[in-house]
Amino acid sequence: MVSLVLGGWAWMTGAQAVPSAASSPTTAPVAASAPAGAASAAPVVSASAQRLYEQARHQLVQVRTLLRGQDSQSSVGSGFFVGAEGLIITNYHVVSQVALQPQRYRLTYAGVDGRQGALDLLAFDAAHDVAVVRPVEPVKPAIQGLAFRPRQTPPDKGERIYSLGNPLDVGFAVVEGTYNGLAERGFYPTIFFSGSLNPGMSGGPALDGSGQVMGVNVATRLDGQQVSFLVPAEFAENLVARARSAKPIREAAYPELTRQLLAHQEGLTARFMAQTWRSAGHPRYKIPVPQETFMRCWGSSTPPDAKGLEYERSDCAMNQSLFVTGGMDTGNLSVRHETYDGRKLGTWRFARQYSQSFRNEFFSGGRQRTAAQCSERFVDRDGLPLRAVVCLNAYKKLPGLYDVGVLVATLDAKTSGAQGRFDARGVSFDNALKLADFYLKGYGWTQAPRSR
């Protein structure tokens, strides 16, 4: 699973942004710790890494989220000065608590050389998980921040990258790795970095060999080794341009977050519905399976010697979702289905298990969303009878956004069938209806029906 290195954006399958978790460093959560002495000696830092760290150390900061009434840390991440205006880049997930609950939390920074002070949040981009903050009191003497790598000189695969940050709140560090291009099947561009990011490094810079910023630390894979991810520098650079004239954010930023999420879901819905459904390969039914342009699909089935009900299953989901706040992400799609063969069970036993499988589905609300409102109807798809349930959950603090879920079951055969589910999180009401209809229209016959 992917983990945020500080606590911002989340990946759905295998990766997780390095988030700023409560009472823990902002970076990718660690799956397990090895006892001291069990690991081999720490890798030798190259001369290039040492040189770049010395050049950039004064631009590095730790970004801390504190409870407003005391100095207790709620989360910590990293950041870095850019340009000559005293602006600091970090991740949105690092500062999300202050963005959404400014009456409860505040931001401070601490530099390598002992500089420290309060921070103002100026702007954020939740879709790309970047934010810009600025010291409340100007830093003296003024700091010349890091420069961005020119966009017209893209990196080559295998080029060395040097990621900086404060892992696990134990001190500033440099991690050396390589550039491996952009992660495949991502809805938004994300750099695949072969280096070990750790919680607390979220928001830190990733530098090329000349010391220019080419990315921002954001996430790491918990189920792999040295598989981490960076936000491309262009998105941070774009946000800096917007933040230069921005006023500090003093009120809860739900309206701005809602605006950004609504813009995201418009693009996501349009791109998804512009694609055709793939075939599931079933001999009887057309079952909608998404293209893998920005999704991944995995299959499973009952063992060859299984007794009773046999099934095959497909799970497709986006690799990325958008971080909102701790314990909540949104802005993604998932599709799955199961095909069942119950001839070994007979009609009545199959009907019972088939119905039970449909009833086992649920749509949770929780603190951030309302309870699901569902509607059930029977649909005819060119003679194929379907049972369909459509459910909607509204976001309590993000007006105009909904989660939609669609359950489908075929009803034409006595000892076989297919059940499917489509989920879209964080879409408008109109797009929820369009997506539900698009999914239902993906069902049909692959051959002339015949009774079983």
Query - Under the Karplus curve 6.51 cos²θ - 1.76 cosθ + 1.60, θ = phi - 60°, whole-Hz ³J(HN,Hα) for the stretch 407-419, x wherever Gly or Pro sits - result: 10, 9, 9, 6, 10, 8, 10, 7, 10, 8, x, 9, 10
Query - Hits among lysines - C-alpha to C-alpha of K286 under 17 Å, sequence gap 8 or more where chains match - result: K441
Requested in this report: Please give the contour-minus-distance gain from E256 to Q144: 0.36 nm per residue of separation, less the Cα-Cα distance, rounded to one decimal in nm.
Outcome: 37.3 nm
Requested in this report: Name the long-range amide H neighbours of A123: under 5 Å, sequence gap of 5 or more, or other chain; modelled H, no Pro or chain starts.
Outcome: V132
Requested in this report: Could you list L309, L433 in order of exposure, starting from the residue whose Cβ has the fewest other Cβ atoms within 10 Å?
Outcome: L433, L309
Query - Those lysines that a straight Cα-Cα span of less than 19 Å connects to K307, excepting residues fewer than 8 apart in one chain - result: K344, K414
Query raised in the report: Rounded, prolate or oblate: which fits the stretch 209-261 when a ≥ b ≥ c are the square roots of the eigenvalues of the alpha-carbon gyration tensor, with rounded for a/c under 1.5 and prolate only if a/b beats b/c?
Result: oblate
Query raised in the report: Which entry is the computed P(r) over Cα pairs in 20 Å bins from 0, in percent for this structure: (i) 28, 62, 10, 0; (ii) 24, 53, 21, 2, 0; (iii) 25, 48, 23, 4, 0?
Result: (iii)
Report summary line: Taking a crude spin-label model, label points 7 Å out from Cα along the C-beta direction, the E85 to Q356 distance in nm is 6.3 nm
Query - Helix-only mean residue ellipticity at 222 nm for the chain, each DSSP H run of n ≥ 4 adding -39500 (n - 2.57), per residue, nearest 500 - result: -5000 deg cm²/dmol
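Every read-out reported here was derived from the displayed coordinates using simple, explicitly stated rules and does not represent laboratory data. These numbers come from a predicted model, not from an experiment. With ideal geometry, Cβ positions are generated from the backbone for all residues, glycine too; neighbour counts draw on all protein chains shown.
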